[in-house]
Every structure is written in structure tokens, then in C-alpha cells.
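To start, the structure under review is shown below, and the notes come after it.
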Amino acid sequence: MQQAYCAEIRALNAQREPVPTAYVDTYGCQQNEADSELLRGMLTEMGYEIVDTDQGADVIVINTCAIREHAEQRVLGNVGALVHGKRRKPSQIICLCGCMAREQHVADRLRQSYRHVDLVFGPQVLWRFPELLRRVILRRGRVFETQDVPGAIAEGLPVRRSGKVKAWVSIMYGCNNFCTYCIVPYVRGRERSREPEAILAEIRQLVEQGYRDITLLGQNVNSYGKDLGEDIDFPDLLERAAAIPGEFLLRFMTSHPKDATEKLFDVMARCEKVAPVIHLPFQSGNTRVLTAMNRRYTREQYLEKVHALRARIPDVVLTSDVIVGFPGETTAEFEDTLSLIEEVRFDALFTFIYSPRKGTPAAQLPDPMSKEEKSANFDRLVEAQNRISLEKHRAYIGTVQHCLVDGVSEDPRNNLNARTPGGRLVHLSGDASLVGQFVDVEIVDCSTWALFGEKR
Ligand code: SAH
Ligand code: SF4
Ligand code: F3S
């Protein structure tokens, strides 16, 4: 059905001179990056040339994120600014999709105050983009497709990948966990898993095409398969993916600690193609706060998981997410977060100050701590983690790492970027033809954020 819409728009575009262009801008997580690759695939199918600026583009798509207030403000500011380009080019079609499109207050505001936006649609109906765009083109009216519908899984959508070495593969969509601070379950809908055969076929094809670094994506990959009729869970899927012939590494994100099992850690330890790295968000080191967040594990249970993992893979790279200033969190409770990071010593941490999201339970809680106090706690956390990250990076100096060269950089002294098996960034110099190859790199220097190496 969507193919017919694509063909219809392609026929219209084929008569246009010059070839019409489309620009896709992405905010938010890797799931959104992956969705944007599908949007670009569909636009290419429809006869648009993909460009990397909104200036003068015939179609602009803004794929948005609703995770924190700041992200939303940035999107609304940038979408507001598009009005000038549209004045210069009234035929331009401006689309807004992604997680913000599913928030009622955002949809209302777009409808009333952002009249230059032509099409608004939520993540559950992403696959219907050709049909919705056609409606805008043929009727020249505004289209809002933002209501709550059960998300379907459309297989076989065209995809236009941004890289040649690294690729994303969504294995499931949505989230059922309802952490009390989080908007994702409301905007992305319920968990739905792709069929394993479709996922494995996609990975096989990627490996054949030369992709070397493949990341399996889901809000909580550890609940993969629970909604399928078959007897398969995430570790099973990972093991089957790792059995695909070829030289490549598999990564995955994100893992909810409550569902990260010893079976998963065993598969990670057993399968050489599964990279020795896990992103395991802990959010808080205090059990009362974890309970208020509805995370469904305690501080001790989290630490046990880390212990069980390190018992199997001692040098596993561990990264995590933390929220500072959850409503009602005291500074004494925050100290438990600090002590947890000192105990675990993560390789890297993504730190966030709590941002109230309309419609989530936490947004109703009393939140007495001042902004200043939250910022002071946040700064202490960042400082402690920076010290730990630097110490962990220093320990790499003098070692040789089997790295995948995954891109070129702007820095003329270190013109290549590479990743250790655990995913740490390495800068080195070498021939650009090394991109896409695994090479041995001796680590000679480091910063808080990256390692510096020389090809052996
Ligand atoms: N599904 C992933 C997280 C996706 S959101 C998981 O459960 O691990 C990425 C991170 O954003 C979360 O881990 C959390 O640390 C942060 N986050 C989510 N909602 C937030 C909010 N309302 N305020 C601040 N940070 C938030
Ligand atoms: Fe949000 Fe929690 Fe779901 Fe992650 S697991 S997306 S933090 S509700
Ligand atoms: Fe943002 Fe949606 Fe991802 S809210 S973090 S883009 S799932």
C-alpha cells in the first residue's frame, strides 16, 4: 500500500526540474536515528534527493525527542525559525514527527502557533509517512496524525543508512516499564518485538554489505520476545545473531537492570562477536528513590548484577545513566548515587538533571529541592565521574587494543577514529583506506573522553 503512495509521489517528482530535495533532522536517542534512516529511505523511494541542510529543501522532516524539557525547547525554537525559509519558498513542506508529536500539548501548540508546519505524525505511524505526505501534497492542507494507535511493525521499509561501517537494527519498539519520571511509554506505546527471522536476515545482509559494528536497539532489549508467540528471549536472539558468519561486532542498548539476567551475561562471555560492553542505567544509588522511580530493583540487586557480569567478563566496559534531583531526593540520598559510582567505577556516565514530564506520575510529586542544590549535586557527580573516566582511560596506556576504524576526523594529526571492542573512542593517524577494518592499536595517551593510539 505504502509502495503505491511512494510510486505516485515519485511519478509527480520525476516531472520536476531540478530534482526535489528533502532534509531530515534528528533529535534524541539511537531509536530516532534509526527511524530517520527509514524516513530517508522512504523519501528516496519517493524521488527526493536527500540533502544535509534545511535551506531551500522541498521537504523538511524534524524527528523529535520528548525526553527532557530542554530537548523540547530546542526543537520548538528550531521549528519556529523555519518560518523564514518557508516565506522564501512557500511550496516547502515542513513535517514534525517522533516522540513530541504524541504529546497533546505539543500537538495543540503546533496547530495554533506553528502554522507553517504542514504534517505532524507520531512514531507509531512512521511507516505511513508516504501516505500522509501524499495527503499534504494533493490537498495542500495540514495533516495531524497524532492520536494514540497501537503501534504496528512494518517490515521491509526502505532504509537509507548514514554510515558504511556501523549500523542500527531495531529489534523492538515501545516500552512497558513506566518508570515514573519517563515519557517514553506514553509516546512510543507498548512493547512489540520484531520477528527473529526478520532481524537475523537484516543482520546477515548488513554483514554481507560490509558493516562491521551492529547495534541492536530497543528501550529495553532485555524484554525482547515476551510478546512473541515463540520461545525466544534476548540472550537467545543475541546468540543466534552472533552465530552469523563474518567479521563483525554486536552491541545492544538499552538494558534494564531488572531484566539483565545471568543468561545474558553468559552469552556475552561466550560469544566472541558480542562486544564486551553494556549500557546498564542505574538512575539512582538509593533504594527508596529507585522504588519511587518504579525501577523495580534495589541498590544491592544492581550491584549484584554488576558483580555477576564482571565475574564472567572482568574487563567489561560499563556505562550508565543517572538522574539527579528526582522529586523528593535528598542530598543524603544523592550521596548514595555518588558512592555507587565510586564502587562500580563506570567507564562513562550519562548524567541528567530531572526534568518534569507532563502526564507522568513523578511530575505530580512534591519537589522541594532548589535548582541550585540540584546543580551543586550534579556538578559533584560529573566531577567524580570525570576523575574515574580519566583513571580508567590511563589504565589503557601501553596496551594494544584490537580496534575497528570507523571514520575519519577533522583533526589533521589524528585523522582517524576507531573504537576499542568495548566501544571507547580512539584517535589515531593512518590511511583513510583503513576505515571499516579491524587494526591493532597501541594506546599512547588519553583524555577524559578519548584514547590516543598508534597503529601497530
Ligand atoms: N530505555 C532506557 C532509557 C531511555 S531515556 C532505559 O530505561 O535505560 C535515556 C535516559 O534519559 C534515561 O536512562 C534517564 O536517565 C534519562 N531520563 C528519562 N526521563 C528523564 C526525565 N524526565 N528527566 C531527566 N532524565 C530523564
Ligand atoms: Fe523510560 Fe523506564 Fe522505559 Fe527506559 S525503561 S524508556 S527509562 S520507562
Ligand atoms: Fe527521546 Fe523518544 Fe528516544 S523521547 S530519547 S527520541 S524514545
- [ ] Under a cut-off of 23 Å between alpha-carbon atoms, report the lysines in cross-link reach of K371, not counting same-chain residues fewer than 8 places apart.
- [x] K358
Task: Accessible area per residue, Å², the range 2-145 with all protein chains present, probe 1.4 Å - done: 43 Å²
Open item on the list: Under the 0.36 nm per residue contour assumption, what length would be gained going from the current alpha-carbon distance of E342 and T261 to full extension?
Closed with: 26.8 nm
TODO: Can you tell me the relative contact order of the chain? Whole percent, Cα pairs under 8 Å, sequence separation 6 or more.
DONE: 10 percent
TODO: In nm, give the distance between the simple-model label positions of V159 and D440, each being 7 Å from the Cα along the Cα-to-Cβ direction.
DONE: 3.4 nm
Task: Contour excess over end-to-end distance, with Cα ends at R413 and R310 and 0.36 nm allotted per residue - done: 33.5 nm
- [ ] Enumerate the amide H contacts of F282 below 5 Å, restricted to partners 5 or more residues apart or on another chain; note that Pro and chain-start residues carry no placed amide H.
- [x] D321
Open item on the list: Roughly how far apart, in whole Å, are the Cα centres of the range 366-397 and the range 215-262?
Closed with: 31 Å
Open item on the list: Could you tell me the ratio Rg/Rh of the chain? Both radii from Cα atoms, Rh via Kirkwood.
Closed with: 0.97
Task: Fraction of accessible area attributable to carbon and sulfur, the chain (%, probe 1.4 Å) - done: 51 percent
- [ ] Tell me, for the chain, which Cys residues have no other cysteine's C-beta sitting closer than 4.7 Å.
- [x] C6, C29, C65, C95, C97, C99, C175, C271, C403, C446
TODO: Compute the whole-percent fraction of alpha carbon pairs in the range 278-431 spaced more than 20 Å apart.
DONE: 57 percent
TODO: Using DSSP, restrict attention to beta bridges with both residues in the chain and report what percent are antiparallel, rounded to the nearest 5.
DONE: 30 percent
Open item on the list: Checking the cross-link filter: which aspartates and glutamates have an alpha carbon closer than 15 Å to that of K226, excluding same-chain neighbours under 8 positions apart?
Closed with: E191, E195, D236, D259
- [ ] Multiply the residue gap between T399 and A384 by 0.36 nm, knock off their C-alpha separation, and tell me the result in nm, one decimal place.
- [x] 2.9 nm
Open item on the list: How large is the accessible surface of C29 in square angstrom, using a 1.4 angstrom probe and rounding to the nearest 10?
Closed with: 50 Å²
Open item on the list: For a quick size check, give me the Cα extents of the range 83-232 along its three principal axes, largest first, whole Å.
Closed with: 51, 39, 25
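The values are calculated or read from the model by the stated rules, or taken from the named source; none is laboratory data. Keep in mind it's a predicted model, so treat the numbers as computed, not measured. When we count neighbours, we look across all protein chains shown, and the Cβ atoms used for this are built from the backbone with ideal geometry, even at glycine. The protein model used for the area step is the full one, side chains on, heavy atoms only, and it has no ligands, DNA or RNA in it. Shrake-Rupley method; radii C 1.70, N 1.55, O 1.52, S 1.80 Å.
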